[in-house]
Amino acid sequence: MILPALCANCRDPISGKNILCRRCSESVIIRRSPVHLSDHGILFSATDYADPSVRGLLKELKYNGFLAATVPLVEMAVKHLTISGFISRLPRNKDIFLVPVPVHMIKKWKRGFDQAEEMAKLIGKELSVPVIRALKRRKWTVPQSDIKDNDFRELNIKGCFGLTKRSKAISKGSIIIIFDDIVTSGATMKEAGRIIRSLRPSKIFLVSVASR
């Protein structure tokens, strides 16, 4: 209550409800077009995880429980989805659902929340799209960021996901947007998409805040 709030990146004092100072906020480069994930498809990823401001926000969120960091991160995602044309191209004659990639239940219990789910809720409000927790983690896996070899990443995540009872709310032929906070090799998105395809959607989109 006495000391000033500090920027999540540079630690300079900030005022108001901002999480980043103006300099760090304006330094974040928002992509204008999607990126290609080799053979995993096209990913609408707002920015680069190498950006220190983005990395700082995500670390504050995931490891320090700083939920307020979801606001600027979601703003980045929505800005990218707008300028890339993603939002304007979404057909409104089909049901659209937003599905977050879940963390394991033990990790969610330790953190007190699932960061992808929390951000998906905010993005869903911006897009006027319902968020369905259609996926669940069926087993504990080594964090993908700790694995350098892409083949091992795919082996690590294989068979990790299953469908929840909530997935029954997703209609056949609908559009499904799979969302995750960070994408590295794309192996997690690929495995999530493999499970989601069993719901027989007409189209699957991949979205994240950041990618490497």
Among Asp180, Asp114, Asp95, residue whose mean-square fluctuation peaks in a GNM of the chain (springs only between Cα atoms under 10 Å):
Asp95
Give the percent of DSSP beta bridges with both residues in the chain that are antiparallel, rounded to the nearest 5.
25
Evaluate the relative contact order of the chain (contact order divided by residue number), counting alpha-carbon pairs under 8 angstrom at least 6 apart; express in whole percent.
22
C-alpha long axis of helix 70-83 to longest principal axis of the chain, angle in °:
60
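How large is the Kirkwood hydrodynamic radius of the stretch 18-71, counting all unique pairs of alpha carbons, in Å? Don't skip to the end; give the middle numbers.
Numbers: mean 1/r = 0.0801 Å⁻¹.
Mean inverse Cα-Cα distance, inverted, gives 12.5 Å.
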If one puts a single equal scatterer on every Cα of the chain and applies the Debye formula without solvent, what log₁₀ I(q)/I(0) results at q = 0.09, 0.11, 0.14 Å⁻¹?
-0.35, -0.52, -0.84
Tilt relative to the chain, helix 115-127 - C-alpha long axis, 0 to 90 degrees, to 10:
80
Rounding to the nearest 10 and keeping the result within 0 to 90°, find how far the Cα-based axis of helix 52-64 lies from the longest principal axis of the chain.
80
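Throughout, read-outs are computed from the coordinates displayed, never taken from laboratory work. Computed from a prediction, not measured in an experiment: that's the story for all the values here.
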